[in-house]
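Undergrad: Below is the structure I would like to discuss, written out as structure tokens.
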Amino acid sequence: MSNDFRTCPDTGFKIHLPADKLIKWNAVTAIVFLLIGGIFGLLVALTRWPAVHILPPDLFYLALTAHGLDVLLVWVIFFEIALLYFTSAVLLNARLVGPKLGWLAYVLMLGGALMTNVAVLRGDSSVMFTSYVPMQAAPDFYLGIILFAVGALIGCGLFFATIIVAKKERTYEGSIPLVTFGALTAAIIAVFTILAGAAILVPTLFWSMGLIAHIDTLMYKVVWWAMGHSSQQINVAAHIAVWYAIAAILFGAKPLSEKVSRFAFLLYILFLQLASAHHLLVEPGLSSEYKIFNTSYALYLAVLASMIHGLTVPGAVEAAQRKKGFNKGLFEWLRKAPWGNPVFSGFAMSVVFFGFLGGISGVMMGTEQLNIIIHNTIYVPGHFHATVVTGTTLAFMALSYWLVPTLWQKELFLPGIAKWQPYLFGIGMALVSTFMMGAGTLGVPRRHWDISFADAAMGFDFPAAAYLMMGLNGISAIVAALGAMIFIINMVGTLLLGKDKVPAAAAPEEPVAPAAPPASAATSYGSAGTMEVPGTFVLALIFLVSFILYYFVNWKYLASVWGLS
Amino acid sequence: MADPGTGAPPPETGGDTGEPIPFMQQLLDNPLLLLFIGVVSPTVLYILWGLMEIVAIPMAQ
Amino acid sequence: MAIFPPKERIWWNTPVEKTEVMWVTIALIWALVMFFMMPYWHLTGDQNLSNEAYKISADAYAEKTEKMAALYKVREEGDTGIPVVAPPAGSDVYMLGRLWEWWPVLELEAGKTYRLHLSSLDWQHGFSLLPENINIQVHPDYEMVVTVTPKNPGEYGIVCNEFCGAGHHTMVGKIYVK
Ligand code: HEM
Ligand SMILES: [Cu+2]
Ligand SMILES: [Cu+2]
């Protein structure tokens, strides 16, 4: 091989050096923006704590705009670009096609992110990251996002080019790994996302420059959410790919069945993006047929896919653990899992919170009629902090605990406190989600500076429970923010101050079975080549029962409000 | 972990190595086709359908 | 392992183990139940948004609203100068959102049905009827019509829950139900 490659002493992968460098820079930049966005998030949460109310209104709306942009767009997408390079070049032992373009992408994304941040911090573009027309931001606000998106599109292009060239150059045989297939799903959704974004943000930029007179508010929303919601679906596909990767890295877990898992990703490619209609369920003028078909991802087929991953990811772990001999009862495999390893604990909480908190609430509020009782309440941010924070962000954190020491060949800076960090962040954030959802069911609005309406001509008295929940939300936000800070310090510390890893003497061992594999392990089912996964099945049934109960409770609640027709 | 190169399946070229690859597997192994489907289907079902409905909203009297 | 290519050349034909088959079947059934709940509620439920909507200019909508307000005004709301309007049951009732108020205040009768029209004169606003927690998006240039049947007498707040600029948190309106 050319000396453009190094062999990873931990994994045996042949790593293309230009890819290595791009992965590192994209990941580090992501983490820096998580820091910036996290600080804004904490300020927002403290302002929404009525007893603390830390920011004045103009700064609150400014901070909220910056928070949404820096975490949702910049942190998540920079990390995802790093993941795309990792899952293509590294996992396929291939060269990254066009590293120079990779740097162009990086510069465009960074420049765009900074440009939009400057526009927001200047104070004349506090329009929220959704920037609904006819509210107008300064042109550089839109231009920054467009540049960022162009950069991300180039990154996706390199991912596609790399898998195709790798196949030609035969750096791998047969099909791409499942994790890469998940990343492919994310990249496909990303291309749609970015094209839709261009279709709406470019005219909006011209409008803000005075070159276009009018933008239709409804059309803006339809196209904007093709970007806004699909970008969340990139996250889902990406973090599920990360789940599969972590199960493989930690346990040597094989997918239960390549066919089922890949088919579930195919359902994502086909249907996930339709759910952009979640944001249009109480808009005027769109038909119920349109709303029902799209909001349900055509017959809830993408929810079906998520439920499949929800079984197969822990199922793969269970199968691998049982093979190692953790075979007692339903749950020994789970009890004996490495709960002190942040890669595992972050992963486990990501799976559970994404499913139970984010998944169930998302399907509930994406139901055409049920949306009436939560639209634009703080239930909505409650829901998506469960998905994009305890789901995506926590999964990315968990992977970082493995990826950063491995790529840089450094020891973790603070290994002791790293054991606790996922719990602090994960549980803190799960509580943030829960309290926001609770307040939302009482009607507390999102993006709102003052629910006591002190400056308003007329008021409305929220019940004391609403104030209590917003207070508890503030407290939980402090815990979560602390968790985020510890993560960032640990990662940056590892890079700057971490000790060099001592190369392992021998190639790391294939996880070996401590006990003789049970007889049923010899069956020929699936790729895991093992027995059933009864523990996971029981957990899945518990999930299903919670889902059904919560879903119908909300129908009952809907039935109690004013008649509408 | 062992070297990822080991245990690789036999190359799929040279036809005589066995049965043909099933259609669904071929589809799932074709990134550009998947990209095409994944971009076109939401564009039609979500964006175009939605815009058509908005255009069809009548004027108030 | 999921980070390596599948070992089998043809993995599509590998049989699927029964836990997975069972779960996929159950999940599919649940997906279909959730799907059919929506059309089912259109047929049997009492809470469905009509999708009746019109394109309209801000001026034309303001004129219609003012006409109704002048016709059925019963008093003013405190010292706000905003009229309280009590249109007859079954009639067309107009409310407009603008920076930063809901106008006018309405007085409706419990158990009676009204055609409530909603539109904005400037930016988007969020009609959030509390404590019912009924939430509807209000757009400029579009007039939405919802048929509402208030349930219980009382005083209801309308909070704006779509961010609409510096005064967003002061935008509150009211509906009385007798
Ligand atoms: C320290 C961690 C965080 C805290 C304390 C926090 C807290 C909050 C709070 C209180 C809100 C405001 C709700 C409102 O007033 O409408 C909010 C909004 C939001 N958060 Fe976070 N958050 C955190 C991290 C994140 C992360 C990591 C993401 C994404 C990956 C995220 C995405 C968002 C988005 C998209 C919004 C909506 C902004 C808008 O309405 O325009 N947050 N967050
Ligand atoms: Cu408003
Ligand atoms: Cu508002």
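The values are calculated or read from the model by the stated rules, or taken from the named source; none is laboratory data. Keep in mind that what you see is a predicted model, and the values were worked out from it rather than measured. Cβ: placed from backbone, ideal geometry, glycine included. Neighbour counts: every protein chain shown. These accessible areas exclude ligands, DNA and RNA; they are computed on the full protein's heavy atoms, side chains included. Shrake-Rupley method; radii C 1.70, N 1.55, O 1.52, S 1.80 Å.
Undergrad: Which condition does C:Ala166 not pass, out of (1) open to solvent by 30 Å² or more (accessible area, probe 1.4 Å); (2) under 27 Å from A:Gly440 (Cα atoms); (3) away from ligand 3 (no atom under 13 Å from the Cβ), if it passes all the others?
TA: (3)
Undergrad: Which residues, taken from region A:280-297, are open to solvent by 10 Å² or more (accessible area, probe 1.4 Å) and either at pLDDT 95 or above or of a type in the set (A, V, I, L, M, F, W, C) (or both)?
TA: Selection gives A:Ile292, A:Phe293.
Undergrad: Assess whether A:Ala82 counts as being over 19 Å from A:Val432 (Cα atoms) and in contact with a helix residue (DSSP H, G or I) (Cβ under 6 Å, 6 or more places away or on another chain).
TA: yes
Undergrad: Only one of (1) assigned to a helix (DSSP H, G or I); (2) among the hydroxyl-bearing types (Ser, Thr, Tyr); (3) open to solvent by 20 Å² or more (accessible area, probe 1.4 Å) fails for C:Thr14. Which number is that?
TA: (1)
Undergrad: Hey, another quick one. Restricting to region C:38-62, name every residue that is of a type in the set (A, V, I, L, M, F, W, C), within 7 Å of chain A (Cβ to nearest Cβ) and free of Cβ contacts under 8 Å to residues at least 40 places away in the same chain.
TA: Correct list: C:Met38, C:Trp41.
Undergrad: Somewhere in region A:28-38, is a residue touching a Gly at 6+ places or on another chain (Cβ under 6 Å) and over 24 Å from C:Ile3 (Cβ atoms)?
TA: no
Undergrad: Another question, then. Within region A:403-452, take every residue that is open to solvent by 30 Å² or more (accessible area, probe 1.4 Å), touching a Leu at 6+ places or on another chain (Cβ under 8 Å) and in a helix (DSSP H, G or I) and give me the one that is farthest from ligand 2 (Cβ to nearest atom).
TA: A:Trp408
Undergrad: Considering only residues that are away from ligand 3 (no atom under 11 Å from the Cβ) and under 20 Å from C:Arg98 (Cβ atoms), which ones fall in region C:138-157?
TA: C:His139, C:Pro140, C:Asp141, C:Tyr142, C:Glu143, C:Met144, C:Val145, C:Val146, C:Tyr156, C:Gly157, listed by residue number.
Undergrad: Now a separate question. Can you tell me which of C:Glu107, C:Glu101 is open to solvent by 10 Å² or more (accessible area, probe 1.4 Å), more than 15 Å from the chain's Cα centre (by Cα), more than 16 Å from ligand 3 (Cβ to nearest atom) and touching a residue at least 24 places away in the same chain (Cβ under 8 Å)?
TA: One residue alone meets the criteria, C:Glu107.
Undergrad: On to the next question. For the subset of region C:116-132 comprising residues that are at pLDDT 95 or above and more than 16 Å from ligand 2 (Cβ to nearest atom), which member is nearest to A:Val561 (Cα to Cα)?
TA: Filtering region C:116-132 for residues that are at pLDDT 95 or above and more than 16 Å from ligand 2 (Cβ to nearest atom), the one nearest to A:Val561 (Cα to Cα) comes out as C:Leu116.
Undergrad: Now a separate question. Residues to consider are A:Ala226, A:Ala190; find the one that is more than 9 Å from chain B (Cβ to nearest Cβ) and either touching a Ser or Thr at 6+ places or on another chain (Cβ under 6 Å) or in contact (Cβ under 8 Å) with a residue 60 or more places away in the chain (or both).
TA: Matching residue, one of A:Ala226, A:Ala190: A:Ala190.
Undergrad: Based on this model, can you work out whether A:Ala27 counts as surrounded by 20 or more Cβ atoms within 10 Å (Cβ to Cβ), small (Gly, Ala, Ser), assigned to a helix (DSSP H, G or I) and modelled with pLDDT of 95 or more?
TA: no
Undergrad: Another question, then. Go over the candidates A:Ala456, A:Ala464 one by one and state the one that is within 14 Å of chain C (Cβ to nearest Cβ) and away from ligand 3 (no atom under 16 Å from the Cβ).
TA: Residue meeting the stated conditions: A:Ala464.
Undergrad: Of (1) open to solvent by less than 70 Å² (accessible area, probe 1.4 Å); (2) more than 9 Å from chain A (Cβ to nearest Cβ), C:Val24 satisfies all except one. Which?
TA: (2)
Undergrad: Can you tell me how many residues in region A:84-106 are more than 23 Å from the chain's Cα centre (by Cα), open to solvent by 10 Å² or more (accessible area, probe 1.4 Å) and touching a residue at least 12 places away in the same chain (Cβ under 8 Å)?
TA: Residues meeting the conditions: 8.
Undergrad: So C:Val145 fits all but one of (1) out of contact with any Asp or Glu (no Cβ under 9 Å at 6 or more places or on another chain); (2) away from ligand 2 (no atom under 16 Å from the Cβ); what number is the exception?
TA: Evaluating C:Val145 over (1) out of contact with any Asp or Glu (no Cβ under 9 Å at 6 or more places or on another chain); (2) away from ligand 2 (no atom under 16 Å from the Cβ) leaves (1) as the failure.
Undergrad: For region A:338-349, indicate whether the set of residues that are among the β-branched types (Val, Ile, Thr) and either crowded, with 22+ Cβ neighbours inside 10 Å or touching a Lys or Arg at 6+ places or on another chain (Cβ under 8 Å) (or both) is non-empty.
TA: For region A:338-349, residues among the β-branched types (Val, Ile, Thr) and either crowded, with 22+ Cβ neighbours inside 10 Å or touching a Lys or Arg at 6+ places or on another chain (Cβ under 8 Å) (or both): absent.
Undergrad: Same structure, new question: So for region A:353-362 (the condition being within 11 Å of ligand 1 (Cβ to nearest atom) and at pLDDT 95 or above), does at least one residue qualify?
TA: No, the conditions are met nowhere in region A:353-362.
Undergrad: Now for a different question. Select, from A:Ala464, A:Ala480, A:Ala456, the only residue that is in contact with a Phe, Trp or Tyr (Cβ under 6 Å, 6 or more places away or on another chain) and either closer than 21 Å to A:Ile54 by Cα or open to solvent by less than 30 Å² (accessible area, probe 1.4 Å) (or both).
TA: Going through A:Ala464, A:Ala480, A:Ala456 in turn, the sole match is A:Ala480.
Undergrad: Please state which of the following conditions A:Ile189 fails to meet, knowing it meets all the rest: (1) in contact with a strand residue (DSSP E or B) (Cβ under 9 Å, 6 or more places away or on another chain); (2) part of a helix (DSSP H, G or I).
TA: Unmet condition: (1).
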